[in-house]
Amino acid sequence: MTTQMKARRGRVEDYRLTTGQGSFTDDMAVEGALWAVFVRSPYGAATIHGIDVAEAQAMPGVVAIYTAADLAQDGVAPVQAEMSLTGPDGRVWEHTERPLLANGEARFVGEPLAMVIAETREAAMDAAEAVLPNLTDHPAIVTLADARVKDARSVHDDRPGNLAAEWERGDWDAVNDALAGSAHRIRLDAPISRVTAATMEPRTALARPEAGGRVALYASHQSPPGMRMALAEAFDMRPEDVRVVGGDVGGAFGMKAGPVREEMLCFWAARRLDRPLRWRADRGESLLADEGGRALEFTAELGLDAAGNFTALSVVMRLDAGAYATGRTLPPVMNFGGIAGVYRTPMIAGRMEAYLTNTVPVGAYRGAGRPEATFIIESLIDKAARDLGMDRIALRRQNLIGEEQMPWPAEWYFGYDSGCFEKVLDAGIARARLADYPTRQTDSAARGRVRGLGLAMCIETAGGMWGRRGNDFSNVTLNGDGTIAVTAGAFSAGQGIETALIDLAAEGFGVAPDRIRYTQGDTDVFAKGGGMGGSGAMVKCGSALKIAVETVLAEAKELAGEELEVHVADIEYAEGVFRVAGTDKEVPLDQIARVAAERGIPLHAIGEFSPEAPTFPNGCHICEVELDPETGRFDILSYTGVEDIGRVLEHQIAEGQVQGGVAQALGQIFLEEISYAAGDGQLLTGSFMDYAMPRADDLPQYDCGFYEVATGINPLGVKGVGEAGSVGGLAAGMSAVLDALSQVGVTDFAMPATPGRVWTAIQAAR
């Protein structure tokens, strides 16, 4: 076990955010700023014959109306996160063309057709209603089943059969032979529903020309450095002529990480007009056009021998990519290794097929393929236990990778450097008091309720997707007044990174946290960094910070040696003071900072870190629910988890991150689902009246514990925590639902477990 950093009460950013002093993009007051409103396609699939803007252009306050023709005039090519994926036949699957404004074809309801710019938002909205697109609508490809129908209409002409990409791994012949020779074969076909991030702060942007032909973009975005490079590339600009600033962000969860159409269009239009321009999505617009998450179906088969040992596993995952295939489509592939779970299955084969539909494109959403992979293997094990009459905990235990087997080799996909899975399982069982579960189950039955127990073991890759680990940076400067400036390449978007990095720097220097001056998110201040995503902030940026702090201290130690007139090797450093070992001679860090400033010696370092491999946070999640069979209502009674996230730097922040992920997972299990109308692709969940979000009273208190197994992959020993809750929560929550439903005769049920759907399933089973 390792020690944690000095505890603090609350996060650094809490006071600012809870007292209305946050700095969000939409809070910025810019004199003379124009407003943008987008005209969006009313059809899921339509041919664009033209767009009549004459009437709208003549309306009061209208400054400009842009269509795809204007982008073409400026030589603006389609922009998207690039994709390159080698399929099983050697074909390299690339991204589909995605123009910033629809050109020729509109491919989903809500796709932007035109951009209306006016002096006020109200004037822009009025004019947008007067824009007249000339469209011929077509039957829409709405579901995976629609996309896979023989001779179905193609969403993109160059993708017949609507196949966007395919990929596979493993020896399928050997796996199929092993399955055929197994004493038991358990098959599971199930969907994982489509959801949306539903961030508190919607997507928003402010673009502003600056002196010298530069343009600045202020945006609610996860990675200002990444967005800067995307803008420079898209509009053929030098990176130094592009400034991107990210302030406080009210939620992102992966959805705000890629090159976003509306933000990029605001940047382009502000540059074209040489005037500041802003845009803000309203909630309906967010639900209509924000990138979706999850949205897949899978077929999985698990083989077991007569003793219950796993023999082989096969998984075919069919992704609904939405209307465009981009690099944002790939996370489930990069995290496919998670289907192996924490188990020693001898042979595994996996296949992914992504299909195009006339719906909003799907990308990363908290976990980006990790929750899906865990859901598949854990649901399959639960089904095996039910079908074979085995205890599900015992079945898991006998197949766990043992502590003595670490490091676990990457025989199929992922290789694990560390982990004590059985001890994590035991810690979860103890913390959830499962020995008393039969008593609690009896109490529920006495009240006419059915209690269900869900359990899931989870593991994920963090600190960078497999094969895409990347690097990150931290900039540290010891100022002449003794303060320490820290500029991070990572990005705090509500997850507490600001506090964690400040405390880490304070720990490294041995000073109070209030000595640290932290900045982030302005590419003019620090243009390097990976932003926020993949649970990699502390793995990469935190490690880079540690390296930078140590470098600065080494430089300061040289000066201390001069001041103390001793060899550097004789100097010790602790609690902000350099001391000559074995003597009372000392000099404080503050004095060395002043000396350096007076001599013009910069005490500055940029730390850089790229992990040799990802880390693998893992955990045990246990959920208890209670079903009222007469109404179909589920109540979530308790949720317990034990997480191995490596060294726990900040317990409060780590627990908060897990809680947030669990809340999103349970929201998907019990409430949330993006739905489209069959045939035309109209959004049926266009407001929070239709898209149900969990409230505080829908969720239980989360009992979170940690079992620390430090990793050697990075100097901090951390594994990452940002997505841990969602990775285990999706499987544990659905496990509890199915356990309860099996007791009333329902053996086949798909999320979300809303009362109406549950009640209908119960009636059908009677």
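The values are calculated or read from the model by the stated rules, or taken from the named source; none is laboratory data. Here the structure is a predicted model, which is why all the values come from computation and not from measurement. Note that each Cβ is placed from the backbone with ideal geometry, even for glycine, and that neighbours are counted across all protein chains shown.
Summary table
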read-out: Residue tally, condition closer than 20 Å to Val249 by Cα and outside any helix (DSSP H, G or I), over region 208-235; value: 9
read-out: For Met347: the one exception among (1) surrounded by fewer than 24 Cβ atoms within 10 Å (Cβ to Cβ); (2) farther than 27 Å from Met457 by Cβ; (3) touching a helix residue (DSSP H, G or I) at 6+ places or on another chain (Cβ under 9 Å); value: (2)
read-out: Members of region 382-400 that are among the hydrophobic types (A, V, I, L, M, F, W, C) and touching a helix residue (DSSP H, G or I) at 6+ places or on another chain (Cβ under 6 Å); value: Ala385, Leu395, Leu400
read-out: In region 81-126, residue modelled with the lowest pLDDT [restricted to those that are farther than 13 Å from His156 by Cβ and of a type in the set (S, T, N, Q)]; value: Ser84
read-out: All positions within region 485-502 that are over 24 Å from the mean Cα position of the chain (by Cα) and either under 16 Å from Glu550 (Cβ atoms) or part of a helix (DSSP H, G or I) (or both); value: Val486
read-out: Strands (runs of 3 or more DSSP E) wholly inside region 260-376 containing at least 3 residues that are without any contact (Cβ under 8 Å) to a residue 24 or more places away in the chain; value: none
read-out: Selected residue (criterion: surrounded by the fewest Cβ atoms within 10 Å (Cβ to Cβ)) from residues of region 593-642 that are within 32 Å of the chain's Cα centre (by Cα) and hydroxyl-bearing (Ser, Thr, Tyr); value: Ser610
read-out: Residue check for Phe336: within 27 Å of the chain's Cα centre (by Cα) and at pLDDT 95 or above; value: no
read-out: Residue within region 670-693 that is in the same structural domain as Ala430 (by TED's automatic domain parsing), at pLDDT 95 or above and part of a strand (DSSP E or B) present; value: yes
read-out: Residue match in region 389-396 (condition: β-branched (Val, Ile, Thr), modelled with pLDDT of 95 or more, assigned by TED's automatic domain parsing to the domain that holds Ile645 and in contact with a Cys (Cβ under 9 Å, 6 or more places away or on another chain)); value: no
read-out: Residues of region 485-524 that turn out to be over 19 Å from Val244 (Cα atoms), modelled with pLDDT under 90 and either polar (S, T, N, Q) or surrounded by fewer than 19 Cβ atoms within 10 Å (Cβ to Cβ) (or both), as a count; value: 1
read-out: Exclusive hit being of a type outside the set (Val, Ile, Thr) and touching a Leu at 6+ places or on another chain (Cβ under 6 Å), set Ala58, Ala124, Ala46; value: Ala46
read-out: Members of region 144-177 that are among the aliphatic types (A, V, I, L, M), within 23 Å of Arg107 (Cβ to Cβ) and surrounded by fewer than 15 Cβ atoms within 10 Å (Cβ to Cβ); value: Ala145, Val149
read-out: Hits in region 652-684 (condition: crowded, with 21+ Cβ neighbours inside 10 Å, within 30 Å of Asp503 (Cα to Cα) and of a type in the set (S, T, N, Q)); value: Gln657, Gln664
read-out: Output for region 53-91, where each listed residue is in a strand (DSSP E or B) and surrounded by 13 or more Cβ atoms within 10 Å (Cβ to Cβ); value: Val62, Val63, Ala64, Ile65, Tyr66, Leu85
read-out: Given (1) out of contact with any Leu (no Cβ under 8 Å at 6 or more places or on another chain); (2) crowded, with 21+ Cβ neighbours inside 10 Å; (3) in a loop (DSSP other than H, G, I, E, B), number of the condition Leu649 does not satisfy; value: (1)
read-out: Those residues of region 199-225 which are of a type in the set (Gly, Ala, Ser) and either farther than 26 Å from Ala295 by Cα or surrounded by fewer than 21 Cβ atoms within 10 Å (Cβ to Cβ) (or both), in sequence order; value: Ala205, Ala207, Ala211, Gly212, Gly213, Ala216, Ala219
read-out: Unmet requirement for Val721, which otherwise passes all of (1) among the hydrophobic types (A, V, I, L, M, F, W, C); (2) closer than 21 Å to Gly667 by Cα; (3) not in a loop (DSSP other than H, G, I, E, B); value: (3)
read-out: Strands (runs of 3 or more DSSP E) contained in region 97-175 and holding at least 1 residues within 30 Å of Gln57 (Cα to Cα); value: 112-118, 132-137
read-out: Any hit, region 423-439, residues being among the polar types (S, T, N, Q) and touching a residue at least 24 places away in the same chain (Cβ under 8 Å); value: no
read-out: Of all residues making up region 563-592, the number that are surrounded by fewer than 13 Cβ atoms within 10 Å (Cβ to Cβ) and more than 45 Å from the chain's Cα centre (by Cα); value: 7
read-out: Residue check, Arg238 within 19 Å of Asp74 (Cβ to Cβ), touching a residue at least 24 places away in the same chain (Cβ under 8 Å) and of a type in the set (D, E, K, R); value: no
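Condition check ((1) under 20 Å from Ile636 (Cβ atoms); (2) small (Gly, Ala, Ser); (3) buried (at least 23 other Cβ atoms within 10 Å of the Cβ)) across all residues:
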{"residue": "Gly686", "(1), (2), (3)": "no, yes, no"}
{"residue": "Ala696", "(1), (2), (3)": "yes, yes, no"}
{"residue": "Gly705", "(1), (2), (3)": "yes, yes, no"}
{"residue": "Glu708", "(1), (2), (3)": "no, no, no"}
